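Colleague: Here it is, the structure in full.
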Amino acid sequence: MSDNIRRKRLESLAPLILAIVLSSLIYCFNIQLSRVKARELKLAVKNKEDNIERLRQLALNPKKQRVMRDEVFKEKLRLDATVPSELGLTKFLKDLEVLIADNQINLTNLSPQDFIMEDNYIKAPINLLFSADYQRLIAFFSQLEAMDRLLTVENLSIIKDKSNSLKIKTLLYIYSLKE
């Protein structure tokens with residue numbers, strides 16, 4: 001009988017013991033998470049304090065302010081050249097025409113397509129069909145790639161014709177920011 005009573009006591013205490021163990025584990029887990037969050041917050045506060053100190057030093061030194069303004073202005077100009085706020089399709093096409101003429105490329109077709117509106121920017125597709133020898137094409141694409149303006153070559157197909165000239169059909173995209 002006493003074994004039966006012990007067993008019933010254990011059965012009634014088992015959920016209580018399990019609840020205590022689970023509560024302890026959850027408590028330890030939450031403490032660990034809190035410690036990690038506290039370390040992250042401490043690091044974030046330290047970074048903010050460092051930034052504030054740098055800004056304070058900058059505010060106290062007008063020469064550094066001028067240098068910083070000049071650097072920011074130069075970076076803005078560089079970014080505006082890469083992805084301008086206006087599409088400037090005419091200017092780009094003129095630059096492309098100069099590049100084609102400089103590399104003695106035989107342009108067969110150049111046709112801008114309808115603009116593609118994305119969330120923050122505009123894509124302007126331009127179809128090109130041209131031919132030239134291998135060396136001139138390499139020079140052309142190198143100069144195209146070196147342009148300040150952000151552009152991508154989406155499709156590129158190459159066909160060799162009878163005159164040892166390569167015919168290229170490509171789709172370029174140029175970009176601009178939305179107003």
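Colleague: Can you name the residue in segment 134-155 that is charged (D, E, K, R) and either surrounded by 15 or more Cβ atoms within 10 Å (Cβ to Cβ) or in contact (Cβ under 8 Å) with a residue 40 or more places away in the chain (or both) and, of all such residues, is nearest to Pro112 (Cα to Cα)? Don't jump to the end; show me each part of the working.
Modeller: Quick first cut of segment 134-155, residues charged (D, E, K, R) only: 136, 145, 148-149, 154.
Remaining after also requiring either surrounded by 15 or more Cβ atoms within 10 Å (Cβ to Cβ) or in contact (Cβ under 8 Å) with a residue 40 or more places away in the chain (or both): 136, 148-149.
Numbers: Arg136: 23, Asp148: 20, Arg149: 16 Å.
This residue is Arg149.
Colleague: Follow-up question, since we're still on this one. Among the residues of segment 156-171, is any surrounded by 13 or more Cβ atoms within 10 Å (Cβ to Cβ) and in contact with a Lys or Arg (Cβ under 9 Å, 6 or more places away or on another chain)? Even if it seems obvious, please write down each step before you answer.
Modeller: Within segment 156-171, the subset surrounded by 13 or more Cβ atoms within 10 Å (Cβ to Cβ) is 165-171.
Of the ones still in play, those that are also in contact with a Lys or Arg (Cβ under 9 Å, 6 or more places away or on another chain) are 166-167.
Yes, because at least one residue in segment 156-171 is surrounded by 13 or more Cβ atoms within 10 Å (Cβ to Cβ) and in contact with a Lys or Arg (Cβ under 9 Å, 6 or more places away or on another chain).
Colleague: Have a look at Pro15, Pro62, Pro112 and point out the one that is under 16 Å from Ile174 (Cα atoms), without any contact (Cβ under 8 Å) to a residue 40 or more places away in the chain and either of a type outside the set (Lys, Arg) or in contact with a Ser or Thr (Cβ under 7 Å, 6 or more places away or on another chain) (or both).
Modeller: Pro112
Colleague: Additional query: Output the number of residues of segment 102-111 satisfying the condition of being surrounded by fewer than 15 Cβ atoms within 10 Å (Cβ to Cβ) and at negative phi.
Modeller: Summing the residues that are surrounded by fewer than 15 Cβ atoms within 10 Å (Cβ to Cβ) and at negative phi in segment 102-111 gives 6.
Only the coordinates and a few stated rules stand behind these numbers; no lab work does. What you see is a predicted model; the values in this text were computed from it and never measured. In this analysis, Cβ positions are derived from the backbone assuming ideal geometry, glycine residues included, and neighbour counts consider all displayed protein chains.
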